[in-house]
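Participant: Starting off with a structure, shown below.
The values are calculated or read from the model by the stated rules, or taken from the named source; none is laboratory data. Everything numeric here is computed off the predicted structure, so don't read it as measured data. Using ideal geometry, Cβ is built from the backbone for each residue, glycine included, and neighbour counts are taken over all protein chains shown. Ligands, DNA and RNA are excluded from the accessible area calculation, which covers all protein heavy atoms including side chains. Shrake-Rupley method; radii C 1.70, N 1.55, O 1.52, S 1.80 Å.
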Amino acid sequence: MKIAAVKTFPINIGFGSQLVIKVETDSGIYGWGASGLSGRELAVMGAIDHFCSSLIGKDPHQIGAIWQDLYRGQYFEGGRVLTAAISAVDIALHDIKGKSYGVPVYELLGGKQRNHVDCFASLRFTSKEELLTRAKNLIKEGWNVLRLAPAEYEANSEGIFEPRESIAKVAQWVTSLRKEIGPEPTIGIDYHHRLSAAETYSFLERMPVGTLDFIEEPIRDETPEAYQSLRKMVNVPFAIGEEFASKWQFRPYIEGGITQFARVDVCNVGGLTEAMKVAAMAEVHYIDLMPHNPLGPICTAASIHLAAACPNFAWLEEINTPVEQSGTNNKEFYPVQPKLAGSRYIVPSTPGLGVEFNEELALSTKFKPVETPRLRKRDGSYTNW
């Protein structure tokens, strides 16, 4: 069996965009993969075009060797664009190999260690009332782990975000939420690296101990030392890593005890090949995986197989819930896809990833690049979204 073609399908879906790839073989077996670099699909497509000459004619079963060739086959190794492209190829090769052997992908990763994969609900809110209502509805539906995503800045139409104003409001709202729902549900919050270290400390100090079970990426991650100093200041666990593009980026955060949950993204980090290595590094330090999963069914399926094969797994992110329908799992684009059973996914038994993509529909629609929102402070300066 040889790789015969690599095709790319950028699509607009829900409120965002996705890049799906198809790796075809001369035997007729094909595999689906996806890139995680949302908003930069055209850049990743360029990288995949570069990779095609190295891929065509290769044995798709040699996944590890292909990974090394793609990563080390240029002088400038790594980077988010290249590893997002490698991720898509790597996931598709696992899909091919699973189908070729007639087994689910997790069997290629050592076999399953659990029968279902628990999820946390991503709960986006713009007001206290919306937060309390949505949280209570999710708990009634059986969701016991909530990851809050504050978007109170949407109350103004100018895209203004002032950190101190935000933390003053959100700390009060989250404290009220904990009082309303009691101690049992797990509550985390994702500040999407919109804060500084001092602002993060101030935010957490405004809430009673036990209000939050984790905080996700409150500051930017380029400087591990900054996170290390913050780690010494606060007593709430960190969840970090969704933007990391290799095991090397994870290394200081895992080995330094900076993060307590590894937010590995199989579509960014280098595919299942690299994600399994990150999982092993995390296991040594008693750190659980909390996979980043904002894209669609291919990312979800790959993450399910990763979670099934790893002993150190906490929860998988889910953004399509009873209160938050982002439309990333559109059935017209994905006629075969993982299906939620309450707040969990049952580990599948079908060969490969267990996903099918409607390439005819993708080819018939015009793709428009989607830019992420831009936020500014009142003085006109840019801040992180």
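Participant: Take every Cα pair under 8 Å in region 308-376 that's 6+ residues apart, average their separations, divide by the length, and report that relative contact order as a whole percent.
Facilitator: 26 percent
Participant: Per-residue accessible area for Asp118 at 1.4 Å probe radius, Å² rounded to 10?
Facilitator: Accessible surface of Asp118 is approximately 50 Å².
Participant: Read phi for every residue in region 263-276 and hand back ³J(HN,Hα) as whole Hz from Karplus 6.51 cos²θ - 1.76 cosθ + 1.60, θ = phi - 60°, with x for Gly and Pro.
Facilitator: 8, 5, 10, 5, 8, 10, 6, x, x, 5, 4, 6, 4, 5
Participant: Suppose we keep just the DSSP beta bridges with both residues in the chain; what percent of those would be antiparallel, to 5?
Facilitator: Given both bridge residues lie in the chain, the antiparallel proportion sits at roughly 50 percent.
Participant: Name the long-range amide H neighbours of Glu318: under 5 Å, sequence gap of 5 or more, or other chain; modelled H, no Pro or chain starts.
Facilitator: For Glu318, whose amide H was placed from the backbone, the distant partners under 5 Å are Phe120, Ser122.
Participant: List the relative contact order of region 119-163 as a percent without decimals, with contacts defined as Cα pairs under 8 Å and 6+ residues apart.
Facilitator: 47 percent
Participant: If the reach is capped at under 23 angstrom between alpha carbons, list the lysines near Lys2, excluding any in the same chain fewer than eight residues apart.
Facilitator: Partners found: Lys22, Lys58, Lys97, Lys99.
Participant: Compute, for Lys368, the solvent-accessible surface of its heavy atoms (probe 1.4 Å) with the complete set of protein chains present, and express it in square angstrom to the nearest 10.
Facilitator: 130 Å²
Participant: Given the rule -39500 (n - 2.57) for each run of at least 4 DSSP H residues, summed and divided by the residues of the chain, what is its mean residue ellipticity at 222 nm, to the nearest 500 deg cm²/dmol? Let's see the in-between values first.
Facilitator: Details: 12 runs with 144 residues, N = 385.
Taking each H run of at least 4 residues, the total per residue is -11500 deg cm²/dmol.
Participant: What is the dipole size for region 178-319, taken about its Cα centre, with +1 at each Lys and Arg Cβ and -1 at each Asp and Glu Cβ, in debye to the nearest 20?
Facilitator: Value, rounded to 20: 220 debye.
Participant: Towards the positive end of the charge dipole of the chain, with charges on Cβ (+1 Lys, Arg; -1 Asp, Glu), say which of Ser196, Val81, Thr300 has the farthest Cα.
Facilitator: The Cα lying farthest towards the positive end belongs to Ser196.
Participant: Dipole of region 239-362 (Lys/Arg Cβ +1, Asp/Glu Cβ -1, origin at the Cα centre): which of Gly241, Phe333, Gly257 lies farthest to the positive side?
Facilitator: Gly257
Participant: Right, next: Per residue, how many Å² of accessible area does region 70-133 show with a 1.4 Å probe?
Facilitator: On a per-residue basis, region 70-133 sits at 41 Å².
Participant: So, counting K/R as plus one and D/E as minus one, what does the shell of residues with Cβ under 11 Å around Val145 add up to?
Facilitator: Taking every other residue near Val145 into account, the sum is -3.
Participant: Something else about it: How do the peptides 54-63, 7-16 rank, highest first, by the average count of neighbouring beta carbon atoms within 10 Å per residue?
Facilitator: Final packing ranking: 7-16, 54-63.
Participant: Could you go through region 333-350 in sequence order and give the Karplus-derived ³J(HN,Hα) for each residue, using 6.51 cos²θ - 1.76 cosθ + 1.60 with θ = phi - 60°, rounded to whole Hz, and x for Gly and Pro?
Facilitator: For region 333-350, the Karplus curve yields 7, 10, x, 10, 7, x, 10, 5, 10, x, 10, 8, 10, 6, 5, x, 10, 6 Hz.
Participant: Also, quick follow-up: Pick from Glu274, Glu107, Glu130: which is most flexible by mean-square fluctuation in a GNM of the chain where alpha carbon atoms under 10 Å apart are linked?
Facilitator: Result for the chain, Cα springs under 10 Å: Glu130 fluctuates most.
Participant: Would you mind getting the accessible area per residue of region 316-381, heavy atoms of the protein chains only, 1.4 Å probe, in Å²?
Facilitator: It amounts to 57 Å² per residue over region 316-381.
Participant: Using the Karplus curve 6.51 cos²θ - 1.76 cosθ + 1.60 with θ = phi - 60°, what ³J(HN,Hα) values do you get for each residue of region 79-92, in whole Hz, with x for Gly and Pro?
Facilitator: Calculated HN-Hα couplings, in order: x, 5, 5, 5, 6, 5, 5, 4, 4, 4, 5, 4, 5, 5 Hz.
Participant: What residues have an amide H closer than 5 Å to that of Thr328, excluding those fewer than 5 places away on the same chain, when H is modeled at 1.01 Å from N in the peptide plane?
Facilitator: none
Participant: Give the ranking of Trp248, Trp67 by solvent-accessible surface, highest area first, calculated with a 1.4 Å probe.
Facilitator: Descending order: Trp248, Trp67.
Participant: Using 28 Å as the Cα-Cα cut-off, could you pick out the over-long pairs in Lys136/Lys339; Lys247/Lys331; Lys112/Lys368; Lys140/Lys277; Lys169/Lys339; Lys128/Lys368?
Facilitator: Listed pairs above 28 Å: Lys247/Lys331; Lys112/Lys368; Lys140/Lys277; Lys169/Lys339; Lys128/Lys368.
Participant: Put one equal scatterer on each alpha carbon of region 80-189, apply the Debye formula with no solvent term, and list log10 I(q)/I(0) at q = 0.24 1/Å to two decimals.
Facilitator: -1.22
Participant: Would you work out what percent of the accessible area of the chain, with all protein chains in place, is carbon or sulfur (probe 1.4 Å)?
Facilitator: On the chain, the fraction of accessible area on carbon and sulfur atoms equals 51 percent.
Participant: Please compute the contact order of region 191-245 in relative form: average sequence separation of alpha-carbon pairs under 8 Å and at least six residues apart, divided by the residue count, as a percent.
Facilitator: RCO, region 191-245: 44 percent.
Participant: On a 0 to 90° scale, report how tilted helix 63-72 is relative to the longest principal axis of the chain, with both axes built from alpha carbons and the result rounded to the nearest 10.
Facilitator: 70 degrees
Participant: Could you please report the charge total around Ala239, scoring K, R as +1 and D, E as -1 over all other residues with beta-carbon less than 9 angstrom from its beta-carbon?
Facilitator: On the way: positive: Arg147, Arg263; negative: Asp190, Glu216, Glu217, Glu242.
Combined, the nearby Lys, Arg, Asp and Glu give -2.
Participant: What is the dipole size for region 24-77, taken about its Cα centre, with +1 at each Lys and Arg Cβ and -1 at each Asp and Glu Cβ, in debye to the nearest 20?
Facilitator: The dipole magnitude comes to about 140 debye.
Participant: Right, next: Give me the percent of Cα-Cα pairs in region 264-360 that sit more than 20 Å apart, rounded to a whole number.
Facilitator: Percent of Cα pairs beyond 20 Å in region 264-360: 36.
Participant: Report the label-to-label distance for Arg374 and Thr350 in nanometres (one decimal), using points 7 Å from each Cα along the Cα→Cβ vector.
Facilitator: 4.2 nm
Participant: Find which of Cys119, Val105, Trp143 sits farthest along the positive direction of the dipole of region 100-148, computed with +1 on the beta-carbon of Lys and Arg, -1 on that of Asp and Glu, about the Cα centre.
Facilitator: Trp143
Participant: What residues qualify as long-range amide H neighbours of Leu289, i.e. H under 5 Å apart, gap of 5 or more or another chain, H built at 1.01 Å from N?
Facilitator: It is Ala262, Phe313, Ala314, by chain and number.
Participant: Shifting gears a bit: Taking the Cα centre as origin and putting +1 on Lys and Arg beta-carbons and -1 on Asp and Glu beta-carbons, what dipole magnitude results for the chain, to the nearest 20 debye?
Facilitator: Roughly 220 debye for the chain.
Participant: Can you tell me which of Phe76, Phe333, Phe357 moves the most in a GNM of the chain? Springs connect C-alpha atoms under 10 Å apart.
Facilitator: The residue with the greatest mean-square fluctuation here is Phe76.
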